[in-house]
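What follows is a set of notes on a single structure, which appears directly below.
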Amino acid sequence: FTTVTTEVDGVRRSRTFLGFEDTQMPAGTYCDNDLNDLVIIFEPAPVIIDNTTDEWILAAEDLGDTDDFDFNDMVVSVKHVAGHETAEITPRAAGGVYELYLTRNGQTVGGKEFHQLISPSVTADENGQYPMLNTSAAGAAGETFTIDVPKTFSMATYGNVDQMGGFGLKVIRKNQTPSEVVVTPPAKGDTPQMICVPANFKWPKERVSMEVAYPSFGDFGLNYTNVDWMKSQVADKVLSNK
């Protein structure tokens, strides 16, 4: 017997191969012993995963690590049912004042400026700046919309163009240089401007650093295997919504 694990359409399964020799030769005579004269393959039934739902939150800084480092300038949840070709996107908070756009693979998704995805009635002032939403107090999330994705879509990839689902953030700063800032998932060793975390993540309140809201966040930066940093949250320093 030999067992080989293969992947078909994103589903991993093990196939067992049983090989036979058709002739048993007397001792000292030739026999190739290749066990391929008759081969039976036992293939198990496919694992049904179409009802498995994964949900993540992307939290980003619009100006990197140059300001408050509260990771609430753009907060958005991403939900995907395995095997489906759409994902649900829900804008959650916008703590940045600049014109913001959620992007995927370099293209704007949602069809609107990010603050307006949360509250369609908000507008920018004469300096092109928007009010902060859902960062000083809890407020309603924006309306959920869908995007097209592959059946095998996941946010949990690393080191390629699909890292964190291919999402990013475009920032437009009126009358400033540079006038456009693009935020993407970090490369290895970079200070992150965007993190991908479980759906139960609560983002820091406005101007509350991640290391204040989550005292173990720095330990996570030193050692990525410290996955329990979210348990260190300080309740009165964070917010969430539905």
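Every number here is computed from the coordinates shown, using simple stated rules; none is lab data. Note that this is a predicted model, so its numbers are computed, not measured. Quick reminder, even Gly has a Cβ in these numbers, built from the backbone with ideal geometry, and neighbours come from all protein chains shown.
What net charge do the residues around N105 carry, taking every other residue with its C-beta under 12 Å from that of N105, with Lys and Arg at +1 and Asp and Glu at -1? Counting the neighbours of N105, the net charge comes to -1.
Which value in deg cm²/dmol, rounded to the nearest 500, describes the helix-derived mean residue ellipticity at 222 nm for the chain, given -39,500 (n - 2.57) per DSSP H run of n ≥ 4 and division by the residue count?
Details: 3 runs with 15 residues, N = 242.
Here the helix-only value at 222 nm equals -1000 deg cm²/dmol.
Which number gives the lysine pairs in segment 118-224 that have C-alpha atoms under 30 Å apart and are eight or more places apart or on different chains? Counting lysine pairs in segment 118-224 gives 9. Centroid-to-centroid, using Cα positions, segment 70-98 and segment 127-141 are 15 Å apart. Stretching N226 away from E55 to a fully extended chain increases their span by 59.5 nm, per 0.36 nm per residue minus the current alpha-carbon distance. Note on segment 60-116: Cα Rg divided by 2.2 N^0.38 Å, N the number of residues, gives 1.24. The reciprocal of the average 1/r between distinct C-alpha atoms defines the Kirkwood hydrodynamic radius, which for the chain equals 20.8 Å.
Remark: the L38-A137 segment gains 28.7 nm on full extension, using 0.36 nm per residue and subtracting the alpha carbon distance. As a rough guide to protection, the peptides 174-187, 128-141 ranked by mean Cβ packing within 10 Å, highest first, stand as 128-141, 174-187.
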